[in-house]
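The values are calculated or read from the model by the stated rules, or taken from the named source; none is laboratory data. Remember, it's a predicted structure, so these values are computed and weren't measured experimentally. Positions of Cβ are backbone-derived with ideal geometry, glycine not excepted, and every protein chain shown enters the neighbour counts.
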């Protein structure tokens, strides 16, 4: 059987369908949120980050995985020292493979919760012996995540021009093609002065006080066209999901991509690349996301930012609050596919 929707539910609930005492997950890339979730399954789980051998790992993701490894006694997180891009989910019983799924879905929020983007398929019993040999070969070339070294070897692929660097200097003192500086303010068109938008961005929830059906702490981080132009690989093109209408499937629905968020203080969240805006990149007009929010509660982001800044919940954030805190931007960088590091440190 082939699966291409609700992959997270399939992975997390499958142990209930047959007798097993151990779970093994081999994935090119991994995120912290799925590891935390699978730790609640009452059995041992081994998670292998496959591309460590070729891509290395950034400090934020490395620290987050170590924290998950320490927090859950029933989960072991390993790094493969040889490049492994496979995505294999195995349920074992008495040291033998009982069931397995293989496909394209990484063990990350993005890989498991994006409909139609990735697939997993059941394997037949005649493949179990080969899968077991493959797993044991990879295992012999693994080290514990706590013994791993921080080194991000992947090429970012981002480019910049002198003109772009001069434009970007309005927001940041130095342009870094691997880091996107996300301003938390706008320039008021009438006064020409910077300000935090009163009912959008960090203050999205302030519309609550004028009757809007939002939580007073709802917030999002805006993604503007210039950021997309300079970081097209950081913010992926909006994908199109098939929509069923009267038994006919039309590929016209732009869905939100789920992501793993890791903050500089170690806090992890599940986020969404929401909305869409048309941006011209490589001479072609494409749809990109226009904001980052948290899910399932958009207020999680607003409460977190206010807590870090020492601002009460439900209170508007002003530019003076950002200045008093010590910065007006959040720096974002990629740690892996669908895994974002957000730096709001002072």
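Annotations
- All told, residue 220 meets the bar of being at pLDDT 95 or above and touching a helix residue (DSSP H, G or I) at 6+ places or on another chain (Cβ under 7 Å).
- Any hit, segment 59-79, residues being assigned to a loop (DSSP other than H, G, I, E, B) and touching a residue at least 40 places away in the same chain (Cβ under 8 Å): no
- Residue 228 vs. criteria over 19 Å from residue 316 (Cβ atoms) and not in a strand (DSSP E or B): yes
- Flag for residue 305 being at negative phi and not in a helix (DSSP H, G or I): no
- Positions within segment 260-296 being in a loop (DSSP other than H, G, I, E, B) and either under 30 Å from residue 59 (Cα atoms) or under 14 Å from the mean Cα position of the chain (by Cα) (or both), in sequence order: 264, 265, 266, 267, 275, 289, 290, 295, 296
- Apart from one condition, residue 38 fits all of (1) in contact (Cβ under 8 Å) with a residue 24 or more places away in the chain; (2) farther than 20 Å from residue 119 by Cβ; the exception is (2).
- Qualifying residue in segment 322-329 (condition: surrounded by fewer than 16 Cβ atoms within 10 Å (Cβ to Cβ), closer than 30 Å to residue 65 by Cα and touching a residue at least 60 places away in the same chain (Cβ under 8 Å)): no
- Of all the listed residues (68, 96), the sole one being at pLDDT 95 or above and more than 19 Å from residue 147 (Cα to Cα) is 96.
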